[in-house]
Amino acid sequence: MGMKHYPAEFKADAVALYRSRPGATIKSVAADLGVNTETLRNWIRAADGRRPGSHSTQPAASQASGDDVQAELAAARKRIRELEEERDILRKAARYFAGETRW
């Protein structure tokens, strides 16, 4: 079986998906996308030169105002953005793989 070639945009989206899910493992993200675990690990290494297990951490929602409702709203908006990004990546992957099928 030959090597599969993935478009650069798909690779970048896969790395972004991995980074947007701090609790996820490379193995779980690779399985979601249908790519080999080592392939995804190599894409992550190529993207930033760090070890694949290290995640970039983002600071929690600011609560300087003391308003818990505003903090909860900010967290909900962040989660919505993450889910929309994941959805878009999976849609692109589905379109890519649908185009690869030769019946």
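Residues in the stretch 8-40 that are more than 10 Å from the chain's Cα centre (by Cα) and aromatic (Phe, Trp, Tyr): 10 alone.
Residue by residue, here is whether (1) crowded, with 19+ Cβ neighbours inside 10 Å; (2) within 13 Å of residue 89 (Cα to Cα); (3) charged (D, E, K, R); (4) modelled with pLDDT under 90 holds:
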residue: 7; (1), (2), (3), (4): no, yes, no, yes
residue: 12; (1), (2), (3), (4): no, yes, no, no
residue: 24; (1), (2), (3), (4): no, no, no, yes
residue: 27; (1), (2), (3), (4): no, no, yes, no
residue: 31; (1), (2), (3), (4): no, no, no, no
residue: 40; (1), (2), (3), (4): yes, no, no, no
residue: 43; (1), (2), (3), (4): yes, no, no, no
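Answer yes if at least one residue in the stretch 47-57 is modelled with pLDDT of 85 or more, surrounded by 10 or more Cβ atoms within 10 Å (Cβ to Cβ), within 23 Å of residue 4 (Cα to Cα) and out of contact with any Ser or Thr (no Cβ under 8 Å at 6 or more places or on another chain), and no otherwise. So far as the stretch 47-57 goes, yes, one or more of its residues are modelled with pLDDT of 85 or more, surrounded by 10 or more Cβ atoms within 10 Å (Cβ to Cβ), within 23 Å of residue 4 (Cα to Cα) and out of contact with any Ser or Thr (no Cβ under 8 Å at 6 or more places or on another chain).
Residue count for the stretch 20-41, restricted to those that are small (Gly, Ala, Ser) and over 17 Å from residue 97 (Cα atoms): 4. For the stretch 1-19, the candidate set comprises residues that are of a type in the set (A, V, I, L, M, F, W, C) and part of a helix (DSSP H, G or I); within that set, the residue that is nearest to residue 97 (Cα to Cα) is 10. Only one entry in 13, 48 is acidic (Asp, Glu), in contact (Cβ under 8 Å) with a residue 60 or more places away in the chain and out of contact with any Gly (no Cβ under 7 Å at 6 or more places or on another chain), namely 13.
The values are calculated or read from the model by the stated rules, or taken from the named source; none is laboratory data. Because the structure is predicted, anything quoted here is derived from the model rather than measured. Neighbour counts run over all protein chains shown; Cβ positions are idealised from the backbone, glycine included.
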